[in-house]
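S.K.: Input: one structure, supplied below.
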Amino acid sequence: MKLFHTVQGIRDAVSASRRDGKRIGFVPTMGNLHEGHLQLVRLARETCDVVVVSIFVNPLQFGLNEDWETYPRTLQSDAEKLESVGCDYLFHPTEGEIYPNGMADQTRVVVPTMTDILCGASRPGHFEGVTTVVSKLFHIVQPDEAVFGIKDYQQLAVIRRMTEDLCIPVEVIAAPIARDHDGLALSSRNSFISEDERPKADVLYRTLCWVKEQITAGERDFMRLQDEANQRIEAEGFRPDYLEICHAKTLEPAACDDTEIVVLGAMYARNARLIDNVTVSL
Ligand code: PAF
């Protein structure tokens, strides 16, 4: 595996591979890699000749009171993990390399409306930071395909929308959610869950599965389901952020006759905000 810190370096390497007729797969990450990330890389490996992974803790997508400073930076162990799953090129740029003109004056990419709800409502500006950096990374790496986890369902929907709207020639691939033994979705932020909270942290997933069962059984009073779901999360000592039943593509509140639904939830542990989702096909 080759490590690159500069835009020019990764560009030259990828261009040479493309000239050799190779298909390029890309997995953008913020590092502190876990099994979920490695599954994204394995998925890219299945269809691509060259797999590029980026590690960049993007300051533009963190709010002022969020955890950018404490976000774990674990380059050495990340590199070892990536090597073990067959990553070819690791791109680990500095902030100056990605934002040479500073962040304040950086040209932004904005996907309207669907970024103002759910996670976007609790984290203003977050998705603007994500779409801006992902579009920059797409322009830098110029992959044929890019793999994103379904765990960040809204992020995936927003990136798909951006790619479609801006005619970016990258195929966006969705990878299934990797879960711990009890169902907790794997996340770099799980390391912030306190020891006493961890045994109950699967409540978000349990609750989403309960909502899915109810909808599958024919329940259509979505407000009642959402209220009860929030109560279930509170009863385990966590603070619900949102739990919403939405149309799987538009993320608008689901209508009673929708057949493709996603139930999305977010809750606060003492030192971490956790998100998860389940899809329902009727
Ligand atoms: O999902 C993430 O890790 C980040 O939001 C991403 C897509 C790498 C952009 O910084």
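S.K.: Pick out the one residue from R161, R189 that is outside any loop (DSSP other than H, G, I, E, B), at pLDDT below 95 and out of contact with any Phe, Trp or Tyr (no Cβ under 6 Å at 6 or more places or on another chain).
M.R.: Of the residues listed, the single one that is outside any loop (DSSP other than H, G, I, E, B), at pLDDT below 95 and out of contact with any Phe, Trp or Tyr (no Cβ under 6 Å at 6 or more places or on another chain) is R189.
S.K.: Does T207 qualify as being β-branched (V, I, T), crowded, with 19+ Cβ neighbours inside 10 Å and either without any contact (Cβ under 8 Å) to a residue 40 or more places away in the chain or within 16 Å of the ligand (Cβ to nearest atom) (or both)?
M.R.: no
S.K.: Considering only the range 253-282, state which residues are touching a residue at least 60 places away in the same chain (Cβ under 8 Å) and farther than 26 Å from A201 by Cβ.
M.R.: L282 - this is the single residue of the range 253-282 that is touching a residue at least 60 places away in the same chain (Cβ under 8 Å) and farther than 26 Å from A201 by Cβ.
S.K.: Which residues, taken from the range 1-17, are open to solvent by 80 Å² or more (accessible area, probe 1.4 Å) and assigned to a helix (DSSP H, G or I)?
M.R.: Of everything in the range 1-17, those that are open to solvent by 80 Å² or more (accessible area, probe 1.4 Å) and assigned to a helix (DSSP H, G or I) turn out to be Q8, R11, D12.
S.K.: Got a number for residues in the range 4-44 being within 19 Å of the chain's Cα centre (by Cα) and charged (D, E, K, R)?
M.R.: 2
S.K.: If I ask for residues that are without any contact (Cβ under 8 Å) to a residue 12 or more places away in the chain and under 20 Å from S17 (Cβ atoms), which ones from the range 117-168 would you list?
M.R.: Within the range 117-168, H139 is the sole residue that qualifies.
S.K.: Within the range 131-149, can you find the residues that are open to solvent by 10 Å² or more (accessible area, probe 1.4 Å), outside any helix (DSSP H, G or I) and more than 12 Å from the ligand (Cβ to nearest atom)?
M.R.: Q142, D144
S.K.: Right, here's the next one. Just give me the residues in the range 89-130 being aliphatic (A, V, I, L, M), part of a loop (DSSP other than H, G, I, E, B) and buried (at least 16 other Cβ atoms within 10 Å of the Cβ), in sequence order.
M.R.: V109, V111, M114, I117, L118
S.K.: If we keep just the residues of the range 214-233 that are surrounded by 12 or more Cβ atoms within 10 Å (Cβ to Cβ) and among the aliphatic types (A, V, I, L, M), which is nearest to D258 (Cα to Cα)?
M.R.: I215
S.K.: What residue, among those in the range 60-87 that are away from the ligand (no atom under 13 Å from the Cβ), among the polar types (S, T, N, Q) and in a helix (DSSP H, G or I), is most open to solvent (accessible area, probe 1.4 Å)?
M.R.: Going through the qualifying residues, I end up with Q76.
S.K.: Mind counting the residues in the range 182-201 that are more than 16 Å from the ligand (Cβ to nearest atom) and either of a type in the set (A, V, I, L, M, F, W, C) or over 19 Å from the mean Cα position of the chain (by Cα) (or both)? Can you show your working first?
M.R.: Narrowing the range 182-201 to residues more than 16 Å from the ligand (Cβ to nearest atom): 182-184, 193-201.
Applying the additional criterion that residues be either of a type in the set (A, V, I, L, M, F, W, C) or over 19 Å from the mean Cα position of the chain (by Cα) (or both) yields 182, 184, 193-201.
Selection size over the range 182-201: 11.
S.K.: Out of everything in the range 34-59 that is near the ligand (Cβ under 10 Å from one of its atoms) and part of a loop (DSSP other than H, G, I, E, B), what residue ends up being surrounded by the most Cβ atoms within 10 Å (Cβ to Cβ)?
M.R.: Among residues in the range 34-59 that are near the ligand (Cβ under 10 Å from one of its atoms) and part of a loop (DSSP other than H, G, I, E, B), the one surrounded by the most Cβ atoms within 10 Å (Cβ to Cβ) is N58.
S.K.: Just to be sure before I move on: is F91 touching a helix residue (DSSP H, G or I) at 6+ places or on another chain (Cβ under 7 Å), among the aromatic types (F, W, Y), within 14 Å of the ligand (Cβ to nearest atom) and at pLDDT 95 or above in the structure I sent? Lay out the reasoning, then the answer.
M.R.: On the way: touching a helix residue (DSSP H, G or I) at 6+ places or on another chain (Cβ under 7 Å): yes; among the aromatic types (F, W, Y): yes; within 14 Å of the ligand (Cβ to nearest atom): yes; at pLDDT 95 or above: yes.
Yes; evaluated as a whole, the condition is true for this residue.
The values are calculated or read from the model by the stated rules, or taken from the named source; none is laboratory data. Everything quoted here is computed from the prediction, not taken from an experiment. FYI the Cβ positions are ideal-geometry reconstructions off the backbone, even for glycines, and counts take in every protein chain you see. Keep in mind that these areas ignore ligands, DNA and RNA; they rest on the heavy atoms of the full protein, side chains included. Shrake-Rupley method; radii C 1.70, N 1.55, O 1.52, S 1.80 Å.
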